[in-house]
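The values are calculated or read from the model by the stated rules, or taken from the named source; none is laboratory data. Keep in mind the model is a prediction, meaning the values are calculated, not measured. So basically every Cβ, Gly included, is an ideal-geometry build from the backbone, and we count neighbours across all protein chains shown. These accessible areas exclude ligands, DNA and RNA; they are computed on the full protein's heavy atoms, side chains included. Shrake-Rupley method; radii C 1.70, N 1.55, O 1.52, S 1.80 Å.
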Amino acid sequence: MRRLPMTKSFSFTLLLTTTFWTLSYGFVRPPTLLQLQSVSGSGNYLTKEELWFDQTLDHFSPYDHRRFPQRYYEFLDYFRPSDGPIFLKICGESACPGISNDYLSVLAKKFGAAVVSPEHRYYGKSSPFKSHTTENLKYLSSKQALFDLAVFRQFYQESLNVKLNKTKENPWFIFGVSYSGAMSAWFRLKFPHLTCGSLASSAVVQAVYNFPEFDQQIGESAGPECKAALQETTRLVEGRLATNGKAVKALFGATQLDIEGDFLYFLADAAVIAFQYGNPDKLCSPLVQAKNNGEDLVDAYAKYVKEYYLGSFGVDVETYNQKHLKNTAVSEGSSDRLWWFQVCTEVAYFQVAPANDSIRSSKVDTRYHLDLCKNVFGEGVYPDVVATNIYYGGTKIAGSKIVFTNGSQDPWRHASKQTSSPDMPSYIINCHNCGHGTDLRGCSQSPLTLEGNSQNCSNPDAVNKVRQQLVEHIDLWLSECEESDV
């Protein structure tokens with residue numbers, strides 16, 4: 001077994017001068033619900049210093065050699081440069097303003113590791129184009145992004161070797177949460193020679209066309225009283241939409257959502273977020289109390305939506321507006337259009353209402369999602385989930401040395417690998433507020449809990465037990481990497 005080091009603080013900056021090639025179309029260089037909203041405050045980041053790398057636009061073309069600048073970050077305070085591991089933290093479907101200070105910082109200190117984190121192509125400041133037209137988005141895919149990671153990994157290792165005047169590679173380990181968790185698993189699957197292992201936290205590896213299990217998990221996590229209150233709220237809202245839609249939208253601060261399906265999707269997501277990110281009582285306590293007191297449930301839910309979902313959690317109603325999603329301008333806020341493109345071409349995850357006992361409106365159905373894809377991106381755009389699952393394997397992924405973790409209350413876990421298989425352990429973290437990425441983020445999962453502190457989880461022991469298993473897997477697989485290099 002690899003002996004965990006006692007490290008001294010070590011800091012250097014790997015600065016390389018690279019020439020950025022411009023695309024013939026030009027480039028710009030100056031939230032989705034899968035990805036947490038950006039954390040704020042300098043203490044919430046290990047680093048926010050931007051570095052740049054010259055990335056290939058199309059990895060699968062033998063004649064297209066265009067490149068674009070990709071933003072990345074590095075944190076080296078705990079790094080043992082001669083043989084310490086390099087932890088690659090995958091940034092996912094949103095702008096990446098830095099390396100957040102979650103449980104990965106604890107792991108980096110424990111193992112004497114560097115942490116590097118490249119921004120996903122197209123998101124944030126890593127867009128290859130000046131406009132995100134549907135035509136220009138054709139290079140936005142998980143396949144291209146995985147190759148980005150492989151090329152970045154080689155670039156960074158070679159640069160480090162030059163900097164330190166050495167030839168031996170450092171061992172690498174990949175980390176990701178949510179879509180990035182799936183990317184972490186897929187990276188180990190497709191490039192096993194480039195990493196000793198992967199953590200696939202809340203990893204949505206199964207592309208799902210219709211995903212009613214998502215709503216069913218919300219009902220299970222809510223419990224009977226809260227579920228009934230949510231269902232009644234949905235019925236009341238639907239009734240009021242039929243008689244005075246403008247007034248009910250105004251009550252929720254969402255008058256700009258002209259399409260009824262967009263508004264109903266917005267209301268469904270507002271409830272989801274409480275369970276997904278470990279704050280169930282913020283929703284259920286006031287809603288159940290209002291129901292028991294005979295108060296107006298729609299008013300109670302509107303108060304929660306405006307104060308928590310739009311307020312402290314920070315969601316913008318425009319995220320749900322198809323007019324906004326059709327905007328092709330490149331900006332930090334264009335993540336919404338980008339993620340929907342990936343949804344509409346690769347993975348779907350259509351969170352449709354179950355046929356029976358649904359919480360969300362039955363109008364949030366398959367047709368709503370397909371119409372959105374067509375309206376926002378044009379004719380012929382739809383998710384080929386069969387092809388995606390053939391390419392990666394879905395929950396039957398045939399990889400090795402991948403740790404899968406999921407929170408018991410997280411609705412996304414039903415698109416993850418929840419059973420262990422040889423060389424791919426899977427752990428469910430069971431607690432009242434264990435949601436998306438609990439192993440790295442702690443409780444709650446939003447706002448950020450520094451170093452992923454688990455003390456506010458309803459069952460800290462459950463979180464810490466899985467973390468100990470993770471440490472043991474990382475330790476073993478890094479050791480096996482070193483032994484194979486001898």
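Quick notes
- Charge-dipole axis of region 212-382 as Lys and Arg at +1 and Asp and Glu at -1 on Cβ define it, positive-most pick from Leu264, Asn356, Ala222: Leu264
- Computed with a 1.4 Å probe over protein heavy atoms only, the accessible area of Ile359 comes to about 10 Å².
- Ligands, DNA and RNA left out, the 1.4 Å accessible surface of the chain is 50% carbon and sulfur atoms.
- Restricting the trypsin sites (Lys or Arg not before Pro) of region 71-173 to loop positions (DSSP other than H, G, I, E, B) with no more than 12 neighbouring Cβ atoms within 10 Å leaves Lys168.
- Using the rule -39500 (n - 2.57) for each DSSP H run of four or more residues, divided by the residues of the chain, the 222 nm mean residue ellipticity is -12000 deg cm²/dmol.
- Cleavage-rule hits (chymotrypsin sites (Phe, Trp or Tyr not before Pro)) in region 270-326: DSSP loop, at most 15 neighbouring Cβ within 10 angstrom: none
- Note on region 90-234: Lys pairs 8 or more places apart or on different chains, Cα atoms under 21 Å apart, count 4.
- Per DSSP, loop trypsin sites (Lys or Arg not before Pro) in region 376-455 with at most 10 further Cβ within 10 Å: none
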